[in-house]
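The values are calculated or read from the model by the stated rules, or taken from the named source; none is laboratory data. Since this is a predicted model, take the numbers as computed values, not measurements. Positions of Cβ are backbone-derived with ideal geometry, glycine not excepted, and every protein chain shown enters the neighbour counts.
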Amino acid sequence: MFDLHGFGPALVEGTWMTIRLSLASVALGLVFGLLGASAKISDNRLLRGCGGFYTSVVRGVPETLWVLMAYFGTVSLMNWIGSYFGNPHLTLSPFVAGTLALALCFGAYATEVFRGALLSIPPGQKEAGQALGLSNARIFWRITLPQLWRVALPGLGNLYLILLKDTALVSLITLDEIMRKAQVAANATKEPFTFYFAAALIYLALTVIIMAALHWFERRANRGFTRTEL
Amino acid sequence: MTLGERWELLVRWAPQLLEGTLVTLQLVGIAVVVGLILAIPLGLARASRHWYIQALPYSYIFFFRGTPLLLQLFLVYYGLSQFEMVRQSALWPWLREPYWCALLTMTLHTAAYIAEILRGAIQAVPPGEVEAARALGMSRRQALQYIILPRAIRIGLPAYGNEIILMLKASAVVYTVTLMDIMGVIRTINSRTYQYEMFFLVAGLIYLIITLLFTWLFRRLEIWLKVDASRKR
């Protein structure tokens, strides 16, 4: 279809990097989201304030800025930390900085999704766990979390699709993902349209695959439930 | 660096920061207004019951919502110049300029999202109201003009407000094609002063303030249009 001038394998490598980056970010982002949601619905006013501060600040600032901040803005901090471990040139790699920034943004939106899902679980479930003498951690892990997924999954799926597109921003801090591989190929061959269009097709293909996977997960999570239909 | 020196630095660069903010606001403002105009036919076609009317807007929306804005921007700014035909065309003086490329990309991008919002809003209009309009003898066109669209606008307004804020944040990538928006100015300042932490913080604050202002403004608009009143039923 296209003549990729031998840059095909490079694009495949970039795709693999994008997938790894998005999975790493989503894993960390889910943790942030769960922590944020727990803080937001806690009885402690200070924790609630922290949760609210986290979501409104992170969601009010562009993802691009978070990515740049995580990479360029942490240099002196990391050097300072590194100097205690005998490596004053310690910095974050583009992958780590990108993961941190994307997870931060994903987590802020996921906080709202989890909060809604947590509130949808009847309080009687937790009370039943307490009556059985389970610890709070165990109640969360064994009773709340399994039911949380079912409600939170559609919202989280949308966020994952948004995150996938945000991974392109990490090319700005020189991580070799799809976007950057396409850029390198475009500069080398002087055929920018070919490579950016190829990259666009890869993103669309990933979107379709993720949508299919989400559909499967949702069906699985909804075993034994009937769906409300209008 | 003392606090006084930092303050001096901030004051020295304040005019450029203000200019950058205006560029960002201008780009976003034009994009979301023109995007809305483009989105109306797209959204209407998406809500159609005929697959052949849906197909084209669906592919458009699928492409623009499925790929990153940064990629779309590069596709327009760098990509189009690959074709001799484009370079010979009458549009080339505009397509060569980063400003027009960014504006074009942002408009096409946001139009796809707004069209989906509009489709959702149209489909959320209670069918009974449309049937009532038809029962009163309104034509399809009249029902659309007097009942469906005014209702859909109220239903879709909060989502449109969100889209403006998302566009504001997404616009931060236009500095990559050498535009001097907020991020472009920040990059220039950083390369002169090396005060990365400080000026990233300043950029974050500028975006945060604009976001909060927009949120407040839209809440006023929703109250004025009685969005809540129409939703309560």
Contact list, first residue from region B:155-169 and within 13 Å of chain A (Cβ to nearest Cβ), second anywhere and outside any helix (DSSP H, G or I) and buried (at least 21 other Cβ atoms within 10 Å of the Cβ), beta-carbon distance below 9 Å, six or more apart or interchain, is B:Ile165/A:Gly60; B:Leu168/A:Pro62; B:Lys169/A:Gly60; B:Lys169/A:Val61; B:Lys169/A:Pro62
Quick check on region B:188-211: of everything there that is under 19 Å from B:Val177 (Cα atoms) and within 9 Å of another protein chain (Cβ to nearest Cβ), which residue is farthest from the chain's Cα centre (by Cα)? B:Asn190
Quick check: anything in region A:110-122 within 14 Å of another protein chain (Cβ to nearest Cβ), in a helix (DSSP H, G or I), surrounded by fewer than 21 Cβ atoms within 10 Å (Cβ to Cβ) and modelled with pLDDT under 95? yes
Considering only region A:168-181, state which residues are more than 8 Å from chain B (Cβ to nearest Cβ) and part of a helix (DSSP H, G or I). A:Val170, A:Ile173, A:Ile178, A:Arg180, A:Lys181
Kindly check whether there is at least one residue in region A:61-69 that is within 13 Å of chain B (Cβ to nearest Cβ) and either among the aromatic types (Phe, Trp, Tyr) or surrounded by fewer than 19 Cβ atoms within 10 Å (Cβ to Cβ) (or both). yes
Would you be able to say whether some residue in region A:22-45 is within 13 Å of chain B (Cβ to nearest Cβ) and either more than 23 Å from A:Ala110 (Cα to Cα) or in contact (Cβ under 8 Å) with a residue 24 or more places away in the chain (or both)? yes
So is B:Thr105 polar (S, T, N, Q) and under 21 Å from B:Thr24 (Cβ atoms) or not? yes
Which of the helices (runs of 4 or more DSSP H) found entirely inside region B:1-101 contain at least 1 residues meeting this: over 30 Å from B:Tyr196 (Cβ atoms) and out of contact with any Phe, Trp or Tyr (no Cβ under 8 Å at 6 or more places or on another chain)? B:3-46, B:51-66, B:84-88, B:92-95
If we scan region A:14-22, do we find a residue that is among the aromatic types (Phe, Trp, Tyr), in a helix (DSSP H, G or I) and either buried (at least 16 other Cβ atoms within 10 Å of the Cβ) or at pLDDT 95 or above (or both)? yes
